[in-house]
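Scroll down for the structure; my scribbles are underneath it.
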Amino acid sequence: MIRDYSIYEMNEKEKFLFYSAGYAAIALVLFLFYHRVVISIIGGLLVVKLRPFYEKHRAAARMEALRNQFKDLLYSLSASVSSGRHMGEALIEADDNLGVLYHDDEPIMQELHHMKRSMLENNESDTILLADFAERSKCEDIDNFVQVYITCRAMGGDLTKIISRTSEILTDKMNIQREIQAITAQKKLEGRLIALMPAAMLLALNLLSPSYIAPLYGTLPGMLIMTGCLGLSAWGVYLMEKISSVEI
């Protein structure tokens, strides 16, 4: 069970792969811009500074996966409640239903396994389990659904109708979010391709006409120009990621 979906912690294998690939990539880029082995070796250590950004990206991807999987959970809960089952039974049934779609290591399956075990073995309340899930998920859609359910149960409303209607509204909202993400995904890809162009052009010049750009590597003004180009390229990548990241 994940304690906080907004925080991602890499395991040992992920750390090894991240540091290895990151160090190699940074070292190669620095060598491409400076042609200095010492700078590449030392500069590769900057990968340590990239770890928070990578973990933030992985946490966001995991939260997005959970949000999409929660939509399937809503379908299952709505169908079960409509057939006369209470929420606890619906969650237990959802564990079986969604097991056909997802592997056990998926976030939604881990949560359903935990709820099912807690209700059957420890006799815990479904409201407490759902509230805990909503708090840890850091997802507005999940929190909204849980708050509606808890309020409905406390006030004695028509649980079946309210859950079905809430599920329908949240599902429509998620579908709109996915459409927005599909639209912005192409722009993100275009931005990343543009960000790679300076390095690609520099690599092509090194391979096809090394004498043409030799002054940029052998003189102080050339080194300063390359430093400026590298800095502007990095700043451009940051700005494009910032602009193309849409908060939904």
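Miscellaneous remarks
- Reported count of residues in the stretch 98-116, each being surrounded by fewer than 14 Cβ atoms within 10 Å (Cβ to Cβ) and either in contact (Cβ under 8 Å) with a residue 24 or more places away in the chain or more than 22 Å from the chain's Cα centre (by Cα) (or both), is 2.
- Conditions (1) among the basic types (Lys, Arg); (2) open to solvent by 40 Å² or more (accessible area, probe 1.4 Å); (3) in contact with a Ser or Thr (Cβ under 6 Å, 6 or more places away or on another chain): number failed by Arg51: (3)
- Per the conditions (1) of a type in the set (A, V, I, L, M); (2) in a loop (DSSP other than H, G, I, E, B); (3) loosely packed, with under 13 Cβ neighbours inside 10 Å, the sole criterion not satisfied by Met10 is (3).
- Scanning the stretch 146-165 for residues that are under 25 Å from the mean Cα position of the chain (by Cα) and of a type outside the set (A, V, I, L, M, F, W, C) yields a count of 1.
- Residue within the stretch 44-57 that is over 19 Å from Ala234 (Cβ atoms), at pLDDT 90 or above, of a type in the set (A, V, I, L, M) and in a helix (DSSP H, G or I) present: no
- Index of the failed condition, Ile142 passing every other in (1) farther than 28 Å from Ala182 by Cα; (2) among the β-branched types (Val, Ile, Thr); (3) in contact (Cβ under 8 Å) with a residue 60 or more places away in the chain: (1)
Residue-by-condition table, conditions (1) of a type in the set (A, V, I, L, M); (2) free of Cβ contacts under 8 Å to residues at least 60 places away in the same chain; (3) crowded, with 16+ Cβ neighbours inside 10 Å:
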{"residue": "Phe31", "(1), (2), (3)": "no, yes, yes"}
{"residue": "Ala59", "(1), (2), (3)": "yes, yes, yes"}
{"residue": "Arg67", "(1), (2), (3)": "no, no, yes"}
{"residue": "Phe70", "(1), (2), (3)": "no, no, yes"}
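The values are calculated or read from the model by the stated rules, or taken from the named source; none is laboratory data. Keep in mind the model is a prediction, meaning the values are calculated, not measured. A quick note on method: Cβ atoms are made from the backbone with ideal geometry, for glycine too, and the neighbour counts reach across all protein chains shown. Keep in mind that these areas ignore ligands, DNA and RNA; they rest on the heavy atoms of the full protein, side chains included. Shrake-Rupley method; radii C 1.70, N 1.55, O 1.52, S 1.80 Å.
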